[in-house]
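**Q** What follows is a single structure, and I will ask about it in a moment.
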Amino acid sequence: MDAEKSSNSSFEDLSNLNEADMKAAAEAFIDNEKQDAEGGEKETAGQEEDICDVLGNGQLIKRVLKKSTSNKRPQRGDKCTLSFTGKLENGKIVEKQENFEIHVGDFEVIQGLDMTIPLMDIGEVAEVQVDARFAYGSLGLKNDTDPELSIPPESKLTYEVHLKDAIYEDFSALKSYEVRKTYGTRKKERANFWYNRNDYNTAIQLYRRALDYLDDRDGDPEAEFEKEDLELSNNELQSLLNDRLIVYNNLAMAQIKISALDAALQSVENVLRCQPNNSKALYRKGRILEGKGDTKGAITLLQKAATLEPESRTIQQDLAKLIIKARREEHNEKKMYQKMLGQANKLEQKNKQPQKQQTVESSKLKLLGYLMGSILIGVAGVAMYRYKY
């Protein structure tokens, strides 16, 4: 009974609400619904902000896992410290680095990460999904130390990256021997990595970056040292110069691969100015001259390189090929000259024939003229004789 009264009382209370109260209740309900909708939109917008399609084609996706309180992002050339793990699509970890140092834009990590790091705040943790095109491509990555960690060709990778720090390095901080040696060697080794993957343009870029940190004399032993270089010992300067000449040799080979022969010639000349008997530089200059069509000049250089490095099969084989090529070119040249001479003789004979024919015709005309003249003289004599007698 009490329950029945209570129910009736509640019904009566609702029925006794006036129009104003009903309107207020409706507005409150609408406001609540609107706030809930706005909250959902903000949450969705926040989720969308955490995901970035870097290229706009789904091949490079960045998702924020842990936001940073810093609004500072690295710029191209900044030195970054990061830790990351890379996984295959099946979840297997194939790459892991802790406190790994790179310079942004120097391709010291895969291209996908190199493009994504400038979009991260310092302290941020992000997941980066990288298509094979911007990872290790059709070649994959062979791990000789642990074959189980090799990355198959055309593999999509997912990285978890923690950008720990990013700093701009003042040029004055890059003058010490230790920094030059460390950075120059690191760029050279990474350039060798890209060269072995047949990515010669990236290798060339990194060889040039290595040269930025090594000796400033461009392989010229008579060039003056910069003021900062005078603070280095002779042994340190010689060590940096030797590294620089190695890089120039490698750079020349990469430039040969893309047929940039003039640039390659300049690179190899930087080596030979300082080391005239550098067999690798002589060999590569020979390759350059061959590409420019100077076979004889190439043979001379390869003969010198073969003398300096007689055990090199590559030099011996290429020298033998060049000698055969030179003989073939000489034979073709003689054949071409004979052909040209034969054509000249035919042309001369062809020009002589009309002259001879013209001479014969002229002789015939002269003989006919003499004959006609004799006849006329005879006729005239007979006529005069009859007239007289």
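Nothing in this text is a laboratory measurement; each read-out follows from the coordinates by a stated rule. The structure displayed is predicted, hence computed values, not measured ones. Note: ideal-geometry Cβ built from the backbone for every residue, glycine included; neighbour counts use all protein chains shown.
**Q** Let me see the P(r) profile for the range 105-156: every Cα-Cα distance counted, bins of 10 Å, each bin given as a percent of all pairs.
**A** Reading the bins upward from 0: 24, 45, 26, 5.
**Q** Apply the Debye scattering formula to the range 120-269, with a single equal point scatterer on each alpha-carbon and no solvent, then give log10 I(q)/I(0) at q = 0.11, 0.15, 0.18 Å⁻¹.
**A** Debye output, listed in q order: -0.59, -0.96, -1.13.
**Q** In nanometres, what is the gap between the two model label sites at Glu127 and Phe100, each 7 Å from Cα along Cα-to-Cβ?
**A** Inter-label distance under the simple model: 1.9 nm.
**Q** With an 8 Å cut-off on Cα pairs and a minimum separation of 6 or more residues, tell me the relative contact order of the range 240-280 in percent. Don't jump to the answer; show the numbers that get you there.
**A** Working: 24 pairs, mean separation 15.7, N = 41.
Relative contact order of the range 240-280: 38 percent.
**Q** Same structure again: Under a Cβ-Cβ cut-off of 15 Å, what is the net charge of the residues other than Leu157 that fall near it, where Lys and Arg count +1 and Asp and Glu count -1?
**A** Details: positive: Lys62, Arg63, Lys87, Lys92, Lys96, Arg133, Lys156; negative: Glu89, Glu95, Asp114, Glu127, Asp131, Glu154, Glu160.
Within the 15 Å Cβ shell, the charges total 0.
**Q** Sorted by mean Cβ packing within 10 Å, highest first, what order do the peptides 289-295, 252-258 take?
**A** Peptide ranking by packing, descending: 252-258, 289-295.
**Q** Only Cα pairs under 8 Å and at least 6 apart count here; give the relative contact order of the range 62-195 as a rounded whole percent.
**A** Once divided by the residue count of the range 62-195, the mean separation gives 30 percent.
**Q** Going through the cross-link list Lys92/Lys156; Lys142/Lys285; Lys62/Lys142, which pairs have a Cα-Cα distance over 21 Å in this structure?
**A** Distance filter (> 21 Å) returns Lys142/Lys285; Lys62/Lys142.
**Q** While we're looking at this one, here's another question. Averaging the inverse of every distinct alpha carbon separation and then flipping it gives the Kirkwood radius. What is it for the range 242-326, in angstrom units? Present the calculation step by step, with values, prior to reporting the outcome.
**A** Numbers: mean 1/r = 0.0797 Å⁻¹.
Hydrodynamic radius (Kirkwood, Cα pairs) of the range 242-326 is 12.5 Å.
**Q** Something else now. How much FRET efficiency would the formula 1/(1 + (r/R0)^6) give for Glu154 and Leu341, where r is the Cβ-Cβ distance and R0 is 56 Å, rounded to 0.05?
**A** Details: r = 60 Å, r/R0 = 1.07.
Efficiency at R0 = 56 Å is approximately 0.40.
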